Amino acid sequence: MDCAEARLSLGVYVLGAIDPAERALVDSHLAGCRDCRDELAGLAGIPALLSRVGAEEAFALAESDGPPASAASLAAVGQGGTEPPRELLATVIDLTSARR
């Protein structure tokens with residue numbers, strides 16, 4: 001697993017929603033990659049932030065064409081201020097909707 005693949009998995013990893021086989025691959029990569037460990041540390045606050053998103057807002061985000069600026073900013077935590085990959089944001093929105 002290279003850094004690009006690992007970073008795509010870090011969102012579901014930090015939320016604890018990663019499947020065991022993929023988790024093993026990410027764990028193996030993290031053991032030898034400080035940059036990805038730092039990226040993961042930057043994402044550590046996302047579960048707490050997501051717990052503040054109400055069910056109505058989560059469903060609205062899931063149904064919209066894209067996140068409003070505030071959601072994009074929330075999702076960019078740990079991403080160096082840039083918007084995360086759309087797949088990661090979609091996964092986070094789906095997980096938040098399911099939890100609500």
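Nothing in this text is a laboratory measurement; each read-out follows from the coordinates by a stated rule. Since the model is a prediction, treat every value here as computed from it, not as a measurement. Please note: Cβ atoms are built from the backbone with ideal geometry, for glycine as well, and neighbour counts cover all protein chains shown.
Some notes on this structure:
- Subset of segment 43-54 (residues that are surrounded by 15 or more Cβ atoms within 10 Å (Cβ to Cβ) and under 16 Å from L8 (Cα atoms)): L43, I46
- Segment 24-41, residues that are farther than 14 Å from A4 by Cα and surrounded by 15 or more Cβ atoms within 10 Å (Cβ to Cβ): none
- Close pairs (6 angstrom Cβ cut-off, 6 or more residues apart or separate chains): in contact (Cβ under 8 Å) with a residue 12 or more places away in the chain in segment 1-19, part of a loop (DSSP other than H, G, I, E, B) anywhere: V12/I18
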